[in-house]
Structures are given as C-alpha cells and as structure tokens.
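I have placed the structure first, in the form of structure tokens, so that the comments after it can refer back to it.
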Amino acid sequence: MAITYNWSVSTTEYDTATGGITIIHWRCNGIDDTTGTTGSSYGTTSHQPDPDAAGFIPYADVTEADAIGWAQGQLDVAAVEQAVANRIDEQDNPTVSSGTPWAA
C-alpha cells in the first residue's frame, strides 16, 4: 500500500499584540495510490512565540509551509502518518463488522 500524505493548516490562533501564532490547527490527509481510499488525522499544537527572538515571523508574513513545519516540529510525524495509514487499511480490510445473522 503506497500512500500519499498531504499536510495542511485549517486555521491558526495568534496574539494580536505580538503577531505570534499560538495555536495551529493541522490536518494530515492520506490517499492510497492504488485503491483511492482516504483517511485523515486532525489536531492542534500550542506555541509560545517570542517576538524578540531571531527568526520570529509575524502573523502577516507566516506561510502555510511555516505553520506546517512548526506543527510537525511538535509532533511525531511518522506516528501521525501511520495512524492515517491504519485508518485507510481498516477501511480496505475491515476487522469489525455488524449485522444480525438471523436477518441474512
């Protein structure tokens, strides 16, 4: 199973006084290149930006790539992507089902 992952940021929260992003709402989507089955994971990361630090990027200048990098810096990216892969695999190869055998 080959899966293509796409990370994105749906929104951020920021300190209006400093322009520093404090919360990033991220999503990791995956698609199985063979079956087309999709899965995703969503979460947030908290940040404490220091506007006096070298490399500080104010809100107006932050790119999605910056925000994804900051979020991924606080996550176990391999574990998130594995969780997405597991969701896809469970859809393609269910281990649990439901029904009423007497109604079949």
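Numbers at a glance
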{"item": "Value of D in µm² per second that Stokes-Einstein yields for the chain, Kirkwood Rh from Cα pairs, at 25 °C (0.890 mPa s)", "result": "155"}
{"item": "For region 3-90: relative contact order, % (alpha-carbon pairs under 8 angstrom, 6 or more apart)", "result": "31"}
{"item": "Residues in region 10-25 that a label on residue 52 would reach, taking backbone N under 17 Å of a point 7 Å out along Cα→Cβ", "result": "17-20"}
{"item": "Contour minus Cα-Cα distance for residue 35 and residue 13 (0.36 nm per residue)", "result": "4.3 nm"}
{"item": "Listed residue (69, 34, 51) projecting farthest to the positive dipole end of region 1-96, Cβ model", "result": "34"}
{"item": "Acute angle (nearest 10 degrees) that the helix 77-92 long axis makes with the longest principal axis of the chain, alpha-carbon atoms", "result": "30"}
{"item": "About the Cα centre, charge dipole magnitude for the chain (Lys/Arg +1, Asp/Glu -1 at Cβ), debye", "result": "300"}
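Only the coordinates and a few stated rules stand behind these numbers; no lab work does. Keep in mind it's a predicted model, so treat the numbers as computed, not measured. No Cβ is skipped: glycine too gets one built from the backbone with ideal geometry, and neighbour counts run over all protein chains shown.
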